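Contents: one structure, followed by commentary.
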Amino acid sequence: MHKRALGAAAVTGVAALALSACGGSSPTTPSDTGAAGSSKAATTTGVPETPSGTAAPVRDANVDLVIWTDADRSKAVQKYADQFAAENGVTVKVQISTDTRAQFKDATKVGKGPDVIVGAHDWLGELVQNSTVAPVNLSSDVAAKFLPKAIEATKFNGQSYGVPYAVENIGLMYNKDLVPNPPKTMDELVATGEKLVKEGKAKQVLSQFVSKVGNAYFAYPYLSAFPEGGIFAIKPNGDYDPNKVIVNTPDSIKGGDALAALGKKKVLSTNVDDTNQDALFDTKAAPFMISGPWSVAKAKEAGINYGIAPLPSLTGGGAMRPFLGVQMFYVSSKAKNAALAQEFVTNYIPRKDVQLALFEVGKRPPALKEAYAEVAASDPDVKAWYEAGIDGSPMPNIPAMNSVWGPFGQATADIIAGKAGAKERLDAAAKEITANIAKG
């Protein structure tokens, strides 16, 4: 299950997700000695290697290509690593990393890191800042085969550093047995939920991750519902501007006021976090839940007749727009065989069969247009999640975002709990975030 908590970092760009179908790509042959045509025997482990405890995987110096991923995606990655090894006459090993971003940074410094890693796009700014990832050589015609926002998320300062395979965002899940049609506005959601509580059909209106320390990922959409609300201003080129923190602009404060009002009504509560958010919805205690694709499996297991819809709009503003997250494959700047790593990432990951195999792991909408179109035609959940995120803003992938999560999250928790007014608390958060960024 995916949870966005305080330690997450983020994306960029606002282009609409496109849907036109497209074809696959033709592989090119790397010039390295481990490439196709080599006399070296092709070997792989066949099974992803798992390190003991929380230690980083240990690289085998005799392996041509090493790929780090998490346990969930390891089997799918292993399947295509095996194919790649056989086709190119090279040795490939897939290793499971328990904390890929941190372990990758440390291992790369001492020359023992992998050649390819699988991870979130919001790692990008930090990885580039630490000089641990290399630009990828993705041609413009292949890039055009992906959803525009997914490609945008792979870029930092205009340069692409990875190939995407999935997108994700939050939306509104609702119990169709209690609410046949999803509410379009938060006022409608609250009125419907309060009526169900009064009738004894529910115990609370909405389940949303807040927690005692807050959750910036879930709070952000309340600010984004207003034109000038958000976290960072946008530069003319579309990048986030770390020098312009906007969590306390008049429009952001309107979002904060909305959080305060919902806290006062007990619609939002700091008592709801990742330990009970799903359970409240899955036991029918709450008819509505704001969450993401990671909550679907439990709802299905609980037998909930659920629906998925875009986030509602707020009075005086527009629709709440979620952050968009993108999962991608990176190439290490210290790859043992850079050409081979580029070959795998730029010519294997854009294949429809690879994207579909990775979709089966987490049921996130595929980043490749053709793969998305295929699954959306038969899976209404995928189409619904896509539509819930179509107007979302990719999460900032700049290093400065690491200075935001804690201060902004705590500020929103305090606002919801009624400990401070929206303006007062967001002004303080802006000051803290700005100071943190200045400290680096």
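The values are calculated or read from the model by the stated rules, or taken from the named source; none is laboratory data. What you see is a predicted model; the values in this text were computed from it and never measured. Here the Cβ is made from the backbone with ideal geometry for all residues, glycine too, and neighbour counts use every protein chain on show. In case anyone asks, the SASA skips ligands and DNA or RNA and just uses the protein heavy atoms, side chains included. Shrake-Rupley method; radii C 1.70, N 1.55, O 1.52, S 1.80 Å.
Among the residues that make up the range 187-203, is at least one of them in contact with a Phe, Trp or Tyr (Cβ under 9 Å, 6 or more places away or on another chain), of a type in the set (Val, Ile, Thr) and over 15 Å from PRO312 (Cβ atoms)? No - not one qualifying residue is present in the range 187-203. Looking across the range 219-276 at every residue that is small (Gly, Ala, Ser) and without any contact (Cβ under 8 Å) to a residue 24 or more places away in the chain, the one that is surrounded by the most Cβ atoms within 10 Å (Cβ to Cβ) is identified as ALA261.
Here GLU126 passes the criteria (1) at pLDDT below 95; (2) assigned to a strand (DSSP E or B); (3) of a type outside the set (Val, Ile, Thr) except the one numbered (2). Residues in the range 321-341 that are more than 30 Å from ALA85 (Cα to Cα) and open to solvent by 10 Å² or more (accessible area, probe 1.4 Å): 1 in all. Across the range 184-200, not a single residue is classified as assigned to a helix (DSSP H, G or I) and over 22 Å from GLN277 (Cα atoms).
Is at least one residue of the range 206-216 in a helix (DSSP H, G or I), of a type in the set (Gly, Ala, Ser) and crowded, with 23+ Cβ neighbours inside 10 Å? Scanning the range 206-216 turns up at least one residue that is in a helix (DSSP H, G or I), of a type in the set (Gly, Ala, Ser) and crowded, with 23+ Cβ neighbours inside 10 Å. With respect to GLN83, determine if the residue is closer than 27 Å to GLN159 by Cβ, open to solvent by 10 Å² or more (accessible area, probe 1.4 Å), among the polar types (S, T, N, Q) and part of a helix (DSSP H, G or I). No, not satisfied. Checking each residue of the range 360-382 against the condition of being under 16 Å from TYR165 (Cβ atoms), surrounded by 23 or more Cβ atoms within 10 Å (Cβ to Cβ), of a type in the set (A, V, I, L, M) and in contact (Cβ under 8 Å) with a residue 40 or more places away in the chain gives at least one match. All conditions but one from (1) more than 30 Å from GLY418 (Cα to Cα); (2) part of a loop (DSSP other than H, G, I, E, B) apply to ILE117; the one that does not is (2).
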